[in-house]
Amino acid sequence: AQSVAQPEDQVNVAEGNPLTVKCTYSVSGNPYLFWYVQYPNRGLQFLLKYITGDNLVKGSYGFEAEFNKSQTSFHLKKPSALVSDSALYFCAVRESSGYSTLTFGKGTMLLVSP
Amino acid sequence: NAGVTQTPKFQVLKTGQSMTLQCAQDMNHEYMSWYRQDPGMGLRLIHYSVGAGITDQGEVPNGYNVSRSTTEDFPLRLLSAAPSQTSVYFCASSYSRVSYEQYFGPGTRLTVT
């Protein structure tokens, strides 16, 4: 069975500092990996995805993520945090082959202080 | 494009009542899905559909029914509401189930008393 772990319920960072939101995954084959963001009282919005190719993926709003196969990780990063980045972030995974569906992590709340 | 729309935005039901949550998309997406979001549990898949006439169960299907008679619509039916079904429900769609990102609706907040 596939699974996603987001080990931090909350990440606090000061505006202007770099941020990292951690994600590790488990699948039996090769993974497709996604990051989504949820602002208060809204649906989830797609940020970026890793399907194949370059391990460093760039996405919306200046976010990027690095796929590390040996560590089974897909951490979300941003060089300089903004207060407006404060939101709930979800990592998701599915196996690249077969008929599996998308599995989401429990989410990490990012709080950026002015 | 309106994207993915959901109605209603809020609903309060009494235990045992039934209702249908509506979901529609105008992007001609083949894949549609229903999730529930509960605090500390992330999103859990209820049912999904890979095309009109084809549906399948997700992780937490009990107490819910779905059908997909058209590409655009994917309603979720609660047969006999229970307090455990108090949650926020999201509908999502994507071009296919494989490598494409999903587009989410704004959600329906359901309370069962």
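Descriptive notes on the structure:
- Hey, residue A:72 within 14 Å of chain B (Cβ to nearest Cβ) and either in contact with a Leu (Cβ under 8 Å, 6 or more places away or on another chain) or within 27 Å of residue B:59 (Cα to Cα) (or both) or not: no
Table: residues versus (1) crowded, with 17+ Cβ neighbours inside 10 Å; (2) aliphatic (A, V, I, L, M); (3) part of a strand (DSSP E or B).
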residue	(1), (2), (3)
A:1	no, yes, no
A:4	yes, yes, yes
A:7	no, no, no
A:32	yes, no, yes
A:37	yes, yes, yes
A:52	no, no, no
A:80	no, no, no
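- Residue among B:89, B:64, B:103 that alone is within 15 Å of the chain's Cα centre (by Cα) and more than 14 Å from every other protein chain (Cβ to nearest Cβ): B:64
- The set of residues in the range A:79-100 being at pLDDT 95 or above, over 11 Å from the mean Cα position of the chain (by Cα) and under 29 Å from residue B:38 (Cβ atoms) consists of A:81, A:82, A:83, A:84, A:85, A:86, A:87.
- Any hit, the range A:56-66, residues being more than 10 Å from chain B (Cβ to nearest Cβ), hydrophobic (A, V, I, L, M, F, W, C) and in contact (Cβ under 8 Å) with a residue 24 or more places away in the chain: yes
- Residue match in the range A:64-75 (condition: among the hydroxyl-bearing types (Ser, Thr, Tyr), at pLDDT 95 or above and touching a strand residue (DSSP E or B) at 6+ places or on another chain (Cβ under 7 Å)): yes
- A Cβ distance below 9 Å, combined with a sequence gap of six or more or placement on separate chains, defines the contacts here; from the range A:1-21, residues that are closer than 14 Å to residue B:42 by Cβ and within 14 Å of chain B (Cβ to nearest Cβ) reach residues that are modelled with pLDDT under 95 and loosely packed, with under 12 Cβ neighbours inside 10 Å in the pairs A:2/A:28; A:9/B:40.
- Strands (runs of 3 or more DSSP E) within the range B:1-105 that include 2 or more residues among the aromatic types (Phe, Trp, Tyr): B:31-38, B:87-94
- Residue within the range B:64-74 that is of a type outside the set (Ser, Thr, Tyr) and over 17 Å from residue B:22 (Cα atoms) present: no
- Of all residues in the range A:3-25 being more than 20 Å from residue B:40 (Cβ to Cβ) and of a type outside the set (A, V, I, L, M), the one that is nearest to the chain's Cα centre (by Cα): A:20
- Exclusive hit being in contact (Cβ under 8 Å) with a residue 12 or more places away in the chain, touching a helix residue (DSSP H, G or I) at 6+ places or on another chain (Cβ under 8 Å), within 14 Å of another protein chain (Cβ to nearest Cβ) and part of a strand (DSSP E or B), set A:47, A:88, A:110: A:47
- Residue list for the range A:74-105, filter: touching a Cys at 6+ places or on another chain (Cβ under 8 Å) and under 26 Å from residue B:96 (Cβ atoms): A:74, A:76, A:91, A:104, A:105
- Among the residues making up the range B:15-37, those that are more than 15 Å from residue B:95 (Cβ to Cβ) and more than 10 Å from chain A (Cβ to nearest Cβ) are B:15, B:16, B:17, B:18, B:19, B:20, B:21, B:22, B:23, B:24, B:34, B:36.
The values are calculated or read from the model by the stated rules, or taken from the named source; none is laboratory data. Keep in mind the model is a prediction, meaning the values are calculated, not measured. Counting neighbours? That spans all protein chains shown, and the Cβs are built from the backbone with ideal geometry, glycine included.
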